[in-house]
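Any read-out appearing in this document is the output of simple, stated calculations on the displayed coordinates, not a laboratory observation. In this text the structure is predicted, and so the values were computed from the model without any measurement. Positions of Cβ are backbone-derived with ideal geometry, glycine not excepted, and every protein chain shown enters the neighbour counts.
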Amino acid sequence: MDNLKLLEEAKKARLKAYTPYSQFKVGAALLTKSGKVYLGCNIENASYTPTNCAERTAFFKAVSEGEREFEKIAIVGAKDEDNVNNMCTPCGVCRQVMMEFCNPKEFQIILADGENTCRVMTLEELLPSGFSPTNLK
Ligand code: THU
């Protein structure tokens, strides 16, 4: 799937974000190698630390449905609709979750970067020298 189309899916996911504390709404659209898209939003909690990021919601939904092979993820995040095309990079914990399932040289992170433009980064660029399952072998 085209990167801008995947970003549009992430924008749809963002509308479902549950953010009564930060009001910062994030949406993610995760594309599997078989062509399926899993959407995720951030889900906050009154106790704060149980908050789940949009990217992890998408990954956990997919993995819990048996998916293990991923091609790319599109991410958007903003408080207001007006800023939804500003770049929102994934947090460190989400990068680590990506590292569990994805080849860092191949897996692409698609970030909004202005209207109808995006920035594409590999997981390796966002998490250089990351710790992965291969380290445990
Ligand atoms: N958030 C995400 O959903 N993904 C990220 O990668 C960064 C942060 C959420 C968590 C929290 O609900 C809000 O954004 C503010 O940190």
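Here are some notes:
- Failed condition for PRO20, given (1) touching a residue at least 40 places away in the same chain (Cβ under 8 Å); (2) over 21 Å from SER132 (Cβ atoms): (1)
- Residues of segment 67-84 classified as among the charged types (D, E, K, R) and within 13 Å of the ligand (Cβ to nearest atom), total: 1
- Flag for LEU39 being under 22 Å from ASP2 (Cα atoms) and in contact with a Ser or Thr (Cβ under 9 Å, 6 or more places away or on another chain): yes
- Taken residue by residue, segment 12-33 has no member that is in a helix (DSSP H, G or I), more than 10 Å from the ligand (Cβ to nearest atom) and under 19 Å from LEU127 (Cβ atoms).
Results for (1) closer than 17 Å to ALA13 by Cβ; (2) in contact with a strand residue (DSSP E or B) (Cβ under 9 Å, 6 or more places away or on another chain); (3) exposed (fewer than 13 other Cβ atoms within 10 Å of the Cβ), shown as yes or no for each residue.
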position	(1), (2), (3)
ALA58	yes, yes, no
LYS61	yes, yes, no
GLY66	no, no, yes
ILE75	yes, yes, no
GLY92	no, no, yes
PRO104	no, yes, no
PRO128	no, no, yes
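- Among the residues making up segment 71-89, those that are touching a residue at least 40 places away in the same chain (Cβ under 8 Å) and either under 18 Å from CYS53 (Cα atoms) or in contact with an Asp or Glu (Cβ under 7 Å, 6 or more places away or on another chain) (or both) are LYS72, ILE73, ALA74, ILE75, VAL76, GLY77, ALA78, LYS79, VAL84, CYS88.
- Inside segment 41-53, residues that are closer than 21 Å to ARG95 by Cβ and more than 8 Å from the ligand (Cβ to nearest atom) make up a count of 3.
- Within segment 54-66, not a single residue is within 14 Å of the ligand (Cβ to nearest atom) and part of a loop (DSSP other than H, G, I, E, B).
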